[in-house]
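Colleague: Supplied in structure tokens, the structure appears directly below.
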Amino acid sequence: FDAVIMANTIDFLNHPREVFKSSWRALKPGGFMIVPFLAKDAYVDKFDEAFTKQWRDMSDDQHMWVCGSFFQFSAGEGWEGLKGFDISPFDARKEDDGNMLSKLQGGDSDKPCGAFVVQAQKKSMAEGVDDADSVEE
């Protein structure tokens, strides 16, 4: 495949490393994996119980870091150009007033929700990903 787009899915995955590794295998060299997701409070009223605990307990900034780590720990050197973006509409972004309580409080329901993207490109490699480090349950 030229691209894998995993939209609004990462917050529900119980085995993200395996999903990212499978996506890496499905991509041809130079292909992109793009992982867009909405802010953690975007649809909590509908899907809160379906979110993984890790996703519920982290901030949106932490989600971007964790998503990046799924790339890194799924195929390591097999990815290149790892990037993350806040693509939220301007009026969805929370202002940093220096008050930690403001950051922890829920968003304004009249505001559009935040949106983020993490992406990487499959590197051209002579060898495949080492399956010896697969996680077994």
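Every read-out reported here was derived from the displayed coordinates using simple, explicitly stated rules and does not represent laboratory data. These numbers were taken from a predicted model, which means no experiment stands behind them. Cβ coordinates were reconstructed from backbone atoms using ideal geometry, including for glycine residues, and neighbour counts include every protein chain displayed.
Colleague: Net charge within 11 Å of Glu80 by Cβ-Cβ distance, Lys/Arg positive one each and Asp/Glu negative one each, not counting Glu80 itself?
Modeller: +2
Colleague: Further, regarding this structure: Per-residue HN-Hα couplings for region 70-76, Karplus 6.51 cos²θ - 1.76 cosθ + 1.60 at θ = phi - 60°, whole Hz, x for Gly and Pro?
Modeller: Working through the residues one at a time gives 4, 4, 4, 8, 8, 9, x Hz.
Colleague: Within 12 Å, Cβ to Cβ, of Gly31, how many net charges do the neighbouring residues add up to if Lys/Arg are +1 and Asp/Glu are -1?
Modeller: Result for the neighbourhood of Gly31: +2.
Colleague: Within 10 Å, count the other beta carbons around each residue, average over each peptide in 19-26, 116-123, and list them highest first.
Modeller: Those peptides, ordered most packed to least, come out 116-123, 19-26.
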